[in-house]
Amino acid sequence: MFKLTSLNLNGIRSATTKGLEKWLAAHQPDCICVQEVKAQGPDVSGKFEEMAGLTGYFHFAEKKGYSGAAVYTKHAPSDVIIGFDGGEFDTEGRYVELRFDTPKRKLSLISSYFPSGSSGPERQAAKYRFLDLMYPHLQALKSQREFILCGDINIAHQNIDLKNWRSNQKNSGFLPEERAWMTKLLNEAGMVDVYRQLQPEATETAYTWWSNRGQAYANNVGWRLDYHLATPALAAHARREAIYKDEKFSDHAPLTIEYDFKL
């Protein structure tokens, strides 16, 4: 089984002080896609290039302590693609694609950190620009290769994906336009929400993010913001899913899915 984990770190330095590396050593994923690294090259150098026997590949934001994505893997990739739009969002460090191509197949694993629009209209507009760029990018990629994108998508797709859906219909992360984008990606572009394929009706056990305000985590007032989005052929190999909540490394929980294939 190929064990693939996704986790928004909310800062790699913070997450490692909370026991992330020890957990990874015990958990032993083949690969972990991480988002919101909140570090630059000098911060990572000599400290975080490797974790628990996994080698990291990074996309850093130009702005210090902001955004950032990475993929840690125990398997050497055939190619590494950093960034996807060549402009606004590549400066924010939001996309790492590792390719594991052989003569018989083309396969990618991607870590991506979608923007949040919760800080105000300006960032919400940026989020829509990102979605407008990401959709055709994923469409084009799907026409060329199989892939799994792991990431903090910052969208709760359906009512069952967050605790208080009625009161959040005008809030970023659950806006009609964002949800419509996800529906289009799944229905028209043909991508698969792998967790929902395995757990089509899960509600309170599905959440992967909790606000740091109030007692959101203690009361499980959560959102499902973290995804594995896969091409159908790879999604068909998904066997088991797990959201790890025994320890808290950030405001997100690690989402792991095991696939019946080998790189």
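Quick rundown of the values:
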| quantity | calculated |
| --- | --- |
| Share of carbon and sulfur in the accessible heavy-atom surface of the chain [1.4 Å probe, %] | 48 percent |
| Given charges at beta-carbon only (K, R positive; D, E negative), |dipole| of the chain in Debye | 280 debye |
| Length added when fully stretched, Lys142-Lys170, from 0.36 nm per residue minus Cα-Cα | 6.9 nm |
| Share of alpha-carbon pairs per 10 Å distance bin for region 165-263, given as whole % | 14, 41, 35, 10, 0 |
| Region 199-263: relative contact order as a whole-number percent, Cα under 8 Å and 6+ apart | 31 percent |
| Filter on Lys127/Lys184; Lys64/Lys245; Lys18/Lys262; Lys22/Lys104 - keep pairs with C-alpha separation over 27 Å | Lys64/Lys245; Lys18/Lys262; Lys22/Lys104 |
| Extension gain from Ile81 to Thr17, taking 0.36 nm per residue of separation minus the Cα-Cα distance | 20.1 nm |
| Residues of region 215-251 with amide N under 20 Å of the 7 Å Cα→Cβ point at Met1 | 227-231, 233-247 |
| Sites Glu88 and Ala26, calculated FRET efficiency, Cβ-Cβ separation with R0 22 Å, nearest 0.05 | 0.05 |
| Region 63-160 - percent relative contact order, Cα under 8 Å, separation 6 or more | 25 percent |
| Where the chain is the region considered: accessible area per residue in Å², 1.4 Å probe | 44 Å² |
| Helix runs (DSSP H) in the chain reaching 15 Å along axis by Cα, Kyte-Doolittle at least -1.0 | 121-142, 176-187 |
| Ranking by accessible area, most exposed first, for Phe60, Phe249 with a 1.4 Å probe | Phe60, Phe249 |
| Förster radius 35 Å - calculated FRET efficiency between Tyr66 and Lys104 (Cβ-Cβ, nearest 0.05) | 0.30 |
| Extreme residue, positive dipole direction of region 1-135, given options Pro115, His27, Ala76 (C-beta unit charges) | His27 |
| Ratio of Rg to Rh over the chain (Cα coordinates, Kirkwood Rh, two decimals) | 0.93 |
| For region 87-110 and region 204-263, distance of Cα centres in Å | 21 Å |
| Any cysteine of the chain lacking a neighbouring Cys Cβ under 4.7 Å - listed by number | Cys31 |
| Relative contact order (percent, whole number), the chain, Cα cutoff 8 Å, 6+ residue spacing | 21 percent |
| Rounded FRET efficiency, nearest 0.05, which uses the C-beta distance separating Arg240 from Ala218 and R0 of 30 Å | 0.65 |
| For region 90-243, projected area of the alpha-carbon convex hull averaged over all directions, nm² | 9.8 nm² |
| Equivalent ellipsoid, region 16-167 (semi-axes from 5 times Cα gyration tensor eigenvalues, Å) | 25, 21, 17 |
| Calculated [θ] (222 nm, deg cm²/dmol) that DSSP helices of n ≥ 4 give over the chain, each run adding -39,500 (n - 2.57) | -6500 deg cm²/dmol |
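The values are calculated or read from the model by the stated rules, or taken from the named source; none is laboratory data. Keep in mind that what you see is a predicted model, and the values were worked out from it rather than measured. Using ideal geometry, Cβ is built from the backbone for each residue, glycine included, and neighbour counts are taken over all protein chains shown. When the accessible area is computed, the model is the full protein with side chains, heavy atoms only, and any ligands, DNA or RNA have been set aside. Shrake-Rupley method; radii C 1.70, N 1.55, O 1.52, S 1.80 Å.
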